[in-house]
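The values are calculated or read from the model by the stated rules, or taken from the named source; none is laboratory data. Just so you know, these numbers come straight off a predicted model, no measurement behind them. Note that each Cβ is placed from the backbone with ideal geometry, even for glycine, and that neighbours are counted across all protein chains shown.
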Amino acid sequence: MSDILSGEGHDGFHVEIDAARERADIILDRPPLNIISITQRDQLRRVFEALDANDTVRIIVLRAEGQNFSSGGNIAGFLNETPEKLTKLAWNIAAPTRCAKPVIAANRGYCFGVGFELSLACDFRIVSETVQYALPEQRLGQIPGSGGSPRLQSMVGITRAKDLIMRAKRISAEQALAWGIATERVADGDLEKTTDALVNELRGFSPLAQRTAKRLLNEAEDLSLSMAIEAEGQNYGRLRASDDYREGVTAFTEKRKPKFNGT
């Protein structure tokens with residue numbers, strides 16, 4: 001296991017790997033608000049990169065201790081950083097998006113600022129009924145700086161994005177689900193159970209097809225419709241030659257559960 005996954009020196013979080021379930025959990029552990037420091041952002045990036053390279057891990061879950069995912073960043077600490085460093089914050093927070101493996105955010109309670117931005121960078125957001133999402137930077141004379149504005153606008157459209165960001169509004173779990181931000185809304189006591197179920201579901205698919213789908217969908221957001229369709233066809237053709245596709249077709253015809261190996 002690489003040094004970054006060993007748990008030594010992690011600032012405000014720890015990592016748990018369950019090789020038998022092909023799962024890794026990144027757990028924010030600075031309750032009650034799980035404030036995310038500048039140092040922590042870079043460490044989180046390096047952990048995502050290390051887990052992406054770890055062959056024992058299929059699915060990554062980002063969650064938190066306590067009743068709040070994260071109230072945001074260490075606000076006072078920003079005054080001690082250079083403008084040059086602050087312009088690069090979005091690169092660290094985009095680590096879940098760059099990760100080839102599926103990443104699930106399990107959110108409850110406050111999910112503000114960088115906590116919201118980090119969740120937006122994940123592939124799935126399972127939310128407790130207690131969730132409150134917000135990008136409140138306008139109250140500090142600032143704007144979101146870790147990818148929150150463009151990601152949110154891409155999901156909900158410019159009208160809703162302006163309403164949330166320019167008015168520093170909070171939205172509920174119910175609104176997040178209705179607006180396409182949340183993948184699923186559940187009772188607070190069911191958050192872990194629902195997250196576990198999604199992990200098990202995703203493990204049943206071909207790792208190669210999952211990685212391909214994630215990359216294609218992320219890239220298609222920046223392509224014209226015709227180019228996105230062309231990219232889909234090229235990826236479809238490449239998967240045609242994979243062992244997993246052959247196994248999937250064979251299992252379908254034999255009416256059994258496929259056994260994918262990721263090649």
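Structure data summary
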quantity	calculated
Among the candidates Asp123, Asp52, residue that is closer than 19 Å to Ala176 by Cβ and out of contact with any Phe, Trp or Tyr (no Cβ under 9 Å at 6 or more places or on another chain)	Asp123
Residue match in the range 121-131 (condition: free of Cβ contacts under 8 Å to residues at least 60 places away in the same chain, in the same structural domain as Gly77 (by TED's automatic domain parsing) and under 18 Å from Glu49 (Cβ atoms))	yes
Qualifying residue in the range 109-118 (condition: within 20 Å of Ser154 (Cβ to Cβ), in contact with a Ser or Thr (Cβ under 9 Å, 6 or more places away or on another chain) and in a loop (DSSP other than H, G, I, E, B))	yes
Residue selected from the range 190-229 under the condition surrounded by 12 or more Cβ atoms within 10 Å (Cβ to Cβ) and acidic (Asp, Glu), by the criterion farthest from Gly262 (Cα to Cα)	Asp190
Residue check, Gly180 surrounded by fewer than 20 Cβ atoms within 10 Å (Cβ to Cβ) and on the phi > 0 side of the Ramachandran plot	yes
Residue ID - surrounded by the most Cβ atoms within 10 Å (Cβ to Cβ), chosen from residues in the range 236-263 that are assigned to a helix (DSSP H, G or I) and of a type in the set (Phe, Trp, Tyr)	Tyr245
Condition met for Leu120 (under 14 Å from Asp42 (Cα atoms) and either among the aliphatic types (A, V, I, L, M) or touching a strand residue (DSSP E or B) at 6+ places or on another chain (Cβ under 7 Å) (or both))	no
Within the range 62-75, considering residues that are part of a strand (DSSP E or B) and of a type outside the set (Ser, Thr, Tyr), the one nearest to Pro136 (Cα to Cα)	Gly73
Total residues in the range 178-196, condition of a type in the set (Gly, Ala, Ser) and either free of Cβ contacts under 8 Å to residues at least 12 places away in the same chain or in contact with a Pro (Cβ under 7 Å, 6 or more places away or on another chain) (or both)	2
Output for the range 138-159, where each listed residue is within 21 Å of the chain's Cα centre (by Cα) and assigned to a helix (DSSP H, G or I)	Gly148, Ser149, Pro150, Arg151, Leu152, Gln153, Ser154, Met155, Val156
Verdict on Asp29 being within 22 Å of Gly73 (Cβ to Cβ) and in contact with a His (Cβ under 7 Å, 6 or more places away or on another chain)	yes
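For (1) surrounded by 15 or more Cβ atoms within 10 Å (Cβ to Cβ); (2) in a helix (DSSP H, G or I); (3) at pLDDT below 95, each residue gets a yes or a no:
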| residue | (1), (2), (3) |
| --- | --- |
| Ile17 | yes, no, no |
| Ala20 | no, yes, no |
| Arg30 | yes, no, no |
| Thr39 | no, yes, yes |
| Ala50 | yes, yes, no |
| Ile60 | yes, no, no |
| Gly77 | no, yes, yes |
